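Let me begin by presenting the structure, written as structure tokens, before commenting on it.
The values are calculated or read from the model by the stated rules, or taken from the named source; none is laboratory data. Worth saying up front: this structure is predicted, and the values here are computed from it rather than measured. With ideal geometry, Cβ positions are generated from the backbone for all residues, glycine too; neighbour counts draw on all protein chains shown. All accessible areas refer to the heavy atoms of the entire protein, side chains included, with ligands and DNA or RNA removed. Shrake-Rupley method; radii C 1.70, N 1.55, O 1.52, S 1.80 Å.
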Amino acid sequence: MARWTPLKGDAVAQAQNKGREGWVQVRGARQNNLKDVSLDIPRQSLVVFTGVSGSGKSSLAFGTLYAEAQRRYLESVSPYARRLFHQLPSPDVDAIDGLPPAVALQQQRGTPSTRSSVGSVTTLANLLRMLFSRAGDYPPGQAIVYADGFSPHTPAGACPRCQGLGEVHEVTEASMVPDPSLSIRERAVAAWPLAWGGQNLRDILTTLGHSVDTPWRALDPKVRKWILFTDEQPCVPVFPGFSVAQARRAQRQKQEPSYMGTFSSARRYVLHTYASTQSARNKARARSFLRSHPCRGCGGKRLGPAALSVRFAGRDIAQMQQSSIAQLQEIFAPFARNLPATASAMPGASAARVQVSFQIARDLQARLGMLSDLGLGYLDLGRTTPTLSAGELQRLRLATAVHSHLFGVVYVLDEPSAGLHPVDTEALLRALLRLKEAGNSLFVVEHQPRLIRRADWLVDLGPDAGDAGGEVLYNGPPAGLAKVAASRTRPYLSGKDPGCCRAPRPVNDWLTLQGLCANNLQGLDVALPLATLTGVCGVSGSGKSTLISQLLVDLVAEHLGQPQPVDEEQEFTAAAPAADRSGRLGEQKKQLRRLVVVDQKPIGRTPRSNLATYTGLFDHVRALFAQTPAAKARRLSAGHFSFNSSKGRCPTCVGEGAVQVELLFLPSVYSPCPDCAGRRYTESILAITYGGRNIADVLHLRVSEAIHVFEQVPAILRALTFLQEVGLGYLRLGQAATELSGGEAQRIKLAFELQRPARGGTLYILDEPTTGLHPADVDKLLAQLQRLVDAGNTVVVVEHDLRVLRACDWVIDMGPGAGPAGGKVVFAGRAQQLAQCVASRTAPYLAEEGGL
């Protein structure tokens, strides 16, 4: 465990005696729900901001302190250069003194681009390219390959055959025509569009003289090849419903056609749709007709022959990037000790090559060691960022920050323990300690009691969320929080956990999974109890998500014939392609009638999607407004009260509430619409009220407030009640989907499921549902999960939270380690028994925290 030296007693007094120099002084902070907050925070300390979700922690740490630090820094940058930064709004605060430069490490999911990887985020890829360029073993007579020539993302380095993708995507006759016994009229060419689009192409073929009623296999092979693969796009007159003879006669007689149609081969249509469509569903449909295989030019390594011919330590750079961080440490160890050792490892190399190898290998080894210390040794450098969890991505950035050796900086971190096993949390604490000892300040927004207890200083906000929060309940050393009765955090730090643990449910039926293979799971057999709450735990990278979120979901969805939603952004980024996954379900699968995956993907991609629209309660709200006497008198329908409809929305901002303002030499900014003042609707619509509020006022209500407004409307009250019960009472009904965290999006989806009529036989899958939750909110979440199980459903959660694991009926612990050292079931049984399992890395922490 990390050795911690918190500020206590004399140390606190000495810091206070330093006056303004040792403290950040905040006066009059009113950002979001902060209520004119004033406080002093020590520097060169670990300061943790606590409080229930929505209490104002992030508003103070990020919206005020970090935003002000960024604003001050950008004032020293030229106006033109500022355009390159993502600028936060200036905080609503009277004054902040003693604030050093700040660096933010926030919880962010990987970007959609597969070009971003572990190697690029950590800059290890750059060092590898330089090493191969300057110190690699070249074939005799080959010219030097510069660093950018070892990158598949540059013209100099990319394989010319696949353009650096590593795969070639092609269409074949078999993929586009799955049933050659059908005729074209019977949709033999399955790759063509459905509905009118397909009929249009069939009518065009008729005009061109091709039979659409002959079985596909009976057509001339040349005709089949032309229909599927030609790049020609003839434009011909179209006569819908005509036969080939009728179409010829009509053309000879120069009959007026219905329209002129342009032909597109099946291959051209598939490739064009896949490359240009904005619809995830259409993209997935086009993808189903593509057949992918490794590029024959590079063997899937993505690089050109010149780059792949260069080797270091007997490996090409692609093999290096496919190696895990732990494996790379072993590879570079002989080159990083000292110059003589490097020379011995490179017999015959010039002094210059030895010197370069030693310098770069030493830097690589230092960075790799930091990543390994943070529990990330199982990651490959080529692993793309969209496949990483938010916690993994933040730890990668943290490792880079520690290695930068900056001094006097404030690091502002957003729940760095999110998604971490307690073992990994200890590694995180060691990294934070190194930053602190280097003379930096750490401002951390955190919910995890294990990390909170190790803080030098606590700032507890609340007491509740939204308008009921925004106050500083306590500001001082952790021990003093025990005296603050109003604090929602205090009970969870005292060792007297208020969470109640019910007796485990009996297990009567099982769902067996056999022969599971994917990533580090190889031939695994697992049994999951039905009609219970099951927790799946283990260190990061042990195989939990592969087991549950990939294989279990895929197998049950296939059994039920229930396709899962397509995520366009993750199309080619899965850690294990579907073709590399295998397994089967046992006979008990017949007891499952429905599958629900409650994940952390956004509930919408634009600000037009929000809490009210996703849950469906806005439909009932609009109907209420349409039924008011004033609306009936003006013949207004429910559509007039939708900001997505042109009937009643403000024409200036088209219902967005804000307009973009272009500034010369400065980034564009959004300001409230000058016509509707951000209210989204026209004045005539805003004049209609329900209970004294117009439609814009209702969207501005928090869930907790709306419950009282609509307590007489059962359809609305039901949705609001479940949102409140999963800990989202602080959100506003009109809160844009783009402003919601992954944890908030997941709990909204859960509330949406809870409001459905109760029925058993459903399997609910949740991946780390406690992300971003205060322990008090975890209690609320657990109550709802238990409610689902009581109704005869099965709930499986992938989770690190020890309080959740103690509340589970059954626990499966994966491991024992990460990557190749994991992928096995270390323990399966009751939580009380897990605490006694010697092989489990979870057991010691479960026993320590829960007294089991």
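Applying the criterion of being more than 29 Å from Gln600 (Cα to Cα) and among the basic types (Lys, Arg) to the residues of segment 354-388, the residue that is most open to solvent (accessible area, probe 1.4 Å) is Arg362.
Quick grid of which residues meet (1) touching a strand residue (DSSP E or B) at 6+ places or on another chain (Cβ under 6 Å); (2) open to solvent by less than 30 Å² (accessible area, probe 1.4 Å); (3) in a helix (DSSP H, G or I):
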| site | (1), (2), (3) |
| --- | --- |
| Arg281 | no, no, yes |
| Ala286 | no, yes, yes |
| Arg296 | no, no, no |
| Met320 | no, yes, yes |
| Leu328 | no, yes, yes |
| Phe332 | no, yes, yes |
| Pro340 | no, no, yes |
| Ala352 | no, no, yes |
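Of all residues in segment 251-272, those satisfying the criterion of being within 20 Å of Pro178 (Cα to Cα) and at pLDDT 90 or above are Ser264, Ser265, Ala266, Arg267, Arg268, Tyr269, Val270. Whether any residue in segment 229-249 is closer than 24 Å to Glu170 by Cβ, open to solvent by less than 20 Å² (accessible area, probe 1.4 Å) and under 49 Å from the mean Cα position of the chain (by Cα) is what I want to check. Yes, that holds for at least one residue. Inside segment 608-638, residues that are open to solvent by 50 Å² or more (accessible area, probe 1.4 Å) and either assigned to a loop (DSSP other than H, G, I, E, B) or farther than 18 Å from Tyr730 by Cα (or both) make up a count of 9.
For segment 791-803, the condition of being in a helix (DSSP H, G or I) and open to solvent by 10 Å² or more (accessible area, probe 1.4 Å) holds for at least one residue. Does Val189 qualify as being at pLDDT 90 or above, surrounded by 14 or more Cβ atoms within 10 Å (Cβ to Cβ), aliphatic (A, V, I, L, M) and not in a loop (DSSP other than H, G, I, E, B)? So Val189 fails the test.
All of Ala125, Ala188, Ala174, Ala135 fail the test of being without any contact (Cβ under 8 Å) to a residue 12 or more places away in the chain and among the aliphatic types (A, V, I, L, M), apart from Ala174. Just so you know, in segment 804-819 the residues that are touching a Phe, Trp or Tyr at 6+ places or on another chain (Cβ under 7 Å) and farther than 13 Å from Arg830 by Cα include one that is most open to solvent (accessible area, probe 1.4 Å), and it is Ala818. When each of Leu393, Leu435, Leu364, Leu376 is tested for being at negative phi, outside any loop (DSSP other than H, G, I, E, B) and either touching an Asp or Glu at 6+ places or on another chain (Cβ under 7 Å) or free of Cβ contacts under 8 Å to residues at least 40 places away in the same chain (or both), the lone residue that passes is Leu435.
Checking each residue in segment 302-312 for being open to solvent by 60 Å² or more (accessible area, probe 1.4 Å) and in a loop (DSSP other than H, G, I, E, B) picks out only Arg302.
Scanning segment 198-228 for residues that are small (Gly, Ala, Ser), open to solvent by 20 Å² or more (accessible area, probe 1.4 Å) and either closer than 23 Å to Arg287 by Cβ or in a helix (DSSP H, G or I) (or both) yields one hit, Ala218.
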